[in-house]
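Trainee: My structure is below; once you've seen it, I'll send some questions.
The values are calculated or read from the model by the stated rules, or taken from the named source; none is laboratory data. From a predicted model like this one, the values you see are computed outputs, not experimental measurements. As a convention, Cβ positions derive from the backbone with ideal geometry for all residues, glycine included, and neighbour counts pool all protein chains shown.
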Amino acid sequence: MTHEIVFDKPAAQREKLITELYKSAFPTVAKYVSKMGGSFDDAKDIFQDALVIYYEKAVGGDLSLQSSEKAYLLGITKHLWFKKFRDGNNNLPLDNCIEGFDITDEADEQPSTNKLMHYLETAGKKCMELLSAFYYHKLPMKEVAGLFGYAGERSATVQKYKCIEKVRETVKEQSLAYEDFIE
């Protein structure tokens, strides 16, 4: 169902329409902007701009929808997002970013090898050896498969995935965060 914003409609109706558009389209726009590396504030800013463009086109009679308003707003949002990065407007001077930020505090924080090893060991000895061969020794999967007696590369890849999942489950069960691995 296509809505049309017209000046001769009461302001309350126009406001209701814009609110409906916001409720139906903003979650999709926010998800897209987040996926593209933007923040919630970026999503709000770009969506507001898209709504203004939509409104101006609707009022000016230049709006020709080939699908829904939601799709139209998402298209405008994508265009605005690409334009933002093409024009380089997303770059802030470094001076603005580091005020009040102590770099020495961040540099001192290093992941604890012992803590990391503890959680990797929860997957078992064979998993530790397999993960070590692939990630630490950088052996190709074909060689890992032969070394550990798997039928082929695919079997070794599946087993590597299962080992990683064991570690993830342990971390998830204990509700660990990055800070838990810092010395």
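Trainee: Give the residues of segment 106-150 that are small (Gly, Ala, Ser) and modelled with pLDDT of 85 or more, sorted by residue number. Working first, answer last.
Mentor: Here is the first cut: in segment 106-150, the ones small (Gly, Ala, Ser) are 107, 112, 123-124, 132-133, 145-146, 149.
Within segment 106-150, Gly124, Ser132, Ala133, Ala145, Gly146, Gly149 qualify.
Trainee: Name every residue in segment 33-43 that is within 12 Å of Leu80 (Cα to Cα) and surrounded by fewer than 19 Cβ atoms within 10 Å (Cβ to Cβ), in order of residue number.
Mentor: Asp42
Trainee: Look at Ile46 and say whether it is surrounded by 15 or more Cβ atoms within 10 Å (Cβ to Cβ), at pLDDT 80 or above and touching a Ser or Thr at 6+ places or on another chain (Cβ under 8 Å).
Mentor: Yes: the conditions hold for Ile46.
Trainee: I need every pair where a residue in segment 164-176 that is part of a helix (DSSP H, G or I) has its Cβ under 9 Å from the Cβ of a residue that is of a type outside the set (S, T, N, Q) and at pLDDT 85 or above, sequence separation at least 6 or different chains.
Mentor: Correct list of pairs: Ile164/Cys127; Ile164/Leu131; Lys166/Gly124; Lys166/Cys127; Val167/Cys127; Val167/Leu131.
Trainee: Turning to a different aspect of this structure: What tally of residues in segment 151-172 results from selecting those that are at pLDDT below 90 and more than 14 Å from Leu130 (Cα to Cα)?
Mentor: Final tally of qualifying residues: 5.
Trainee: Could you list, in sequence order, the residues of segment 62-91 that are polar (S, T, N, Q), over 25 Å from the mean Cα position of the chain (by Cα) and either surrounded by 10 or more Cβ atoms within 10 Å (Cβ to Cβ) or at pLDDT 70 or above (or both)?
Mentor: Within segment 62-91, Ser67, Ser68 qualify.
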